[in-house]
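Student: Below you will find the structure I want to go over with you.
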Amino acid sequence: MIKTGKVILVILITTGLSATGYCQDSAGREQGEVIQGTVVALDWVGSAMTVRWVQPYNNHYDEMTFFMPDNVKITKGTEQIAFSDINEGDKVTVYYYNASPGPLTAINVLVYI
């Protein structure tokens, strides 16, 4: 009887630790990453935006394309704007997460005035 109780306790603890680890991974992914750069391409039909940015370790330009979901928060100054209000050449900061194996997905976009 005591052995059965110990086995059940071990199973409950192991399951609880696994669930906690899974929640932390999910929360970490939502915090995402950030880049600053210039908008070089917009695809309103495909809901995508390409940003050119400078890699800090070698000063080379790179481009990243982000999926822009309907719930992405886009701010210019103090006003919230629509995706269609972004223009090529705008300076932006993009907060995003990697939905691997899917696209890089924008969470929040700050457009500089």
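Student: With (1) modelled with pLDDT of 95 or more; (2) surrounded by 12 or more Cβ atoms within 10 Å (Cβ to Cβ); (3) outside any strand (DSSP E or B) as the list, and Q36 as the residue in question, which single condition is left unmet?
Tutor: So Q36 meets the others, but not (3).
Conditions (1) surrounded by fewer than 14 Cβ atoms within 10 Å (Cβ to Cβ); (2) part of a loop (DSSP other than H, G, I, E, B); (3) on the phi > 0 side of the Ramachandran plot, marked per residue:
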{"position": "A41", "(1), (2), (3)": "yes, no, no"}
{"position": "V45", "(1), (2), (3)": "yes, yes, no"}
{"position": "V51", "(1), (2), (3)": "no, no, no"}
{"position": "D62", "(1), (2), (3)": "yes, no, no"}
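Student: For region 66-108, how many residues are touching a helix residue (DSSP H, G or I) at 6+ places or on another chain (Cβ under 9 Å), without any contact (Cβ under 8 Å) to a residue 40 or more places away in the chain and in a strand (DSSP E or B)?
Tutor: 2
Student: Give region 62-110 a look and list any residue that's farther than 15 Å from G46 by Cβ and among the polar types (S, T, N, Q), or say none.
Tutor: Matches in region 62-110: N71, T75, T78, Q80, N87, T93, N98, S100, N108.
Student: Hey, among V94, V54, which residue is closer than 11 Å to Q36 by Cα, modelled with pLDDT of 95 or more and β-branched (V, I, T)?
Tutor: Exactly one of V94, V54 is closer than 11 Å to Q36 by Cα, modelled with pLDDT of 95 or more and β-branched (V, I, T), namely V94.
Student: Could you please find all residues in region 84-113 being touching an Asp or Glu at 6+ places or on another chain (Cβ under 8 Å) and farther than 14 Å from T50 by Cβ?
Tutor: Of everything in region 84-113, those that are touching an Asp or Glu at 6+ places or on another chain (Cβ under 8 Å) and farther than 14 Å from T50 by Cβ turn out to be Y95, Y97, N98, I107, V111, Y112.
The values are calculated or read from the model by the stated rules, or taken from the named source; none is laboratory data. Bear in mind the structure is a predicted one, so any value in this text is a computation, not a measurement. A quick note on method: Cβ atoms are made from the backbone with ideal geometry, for glycine too, and the neighbour counts reach across all protein chains shown.
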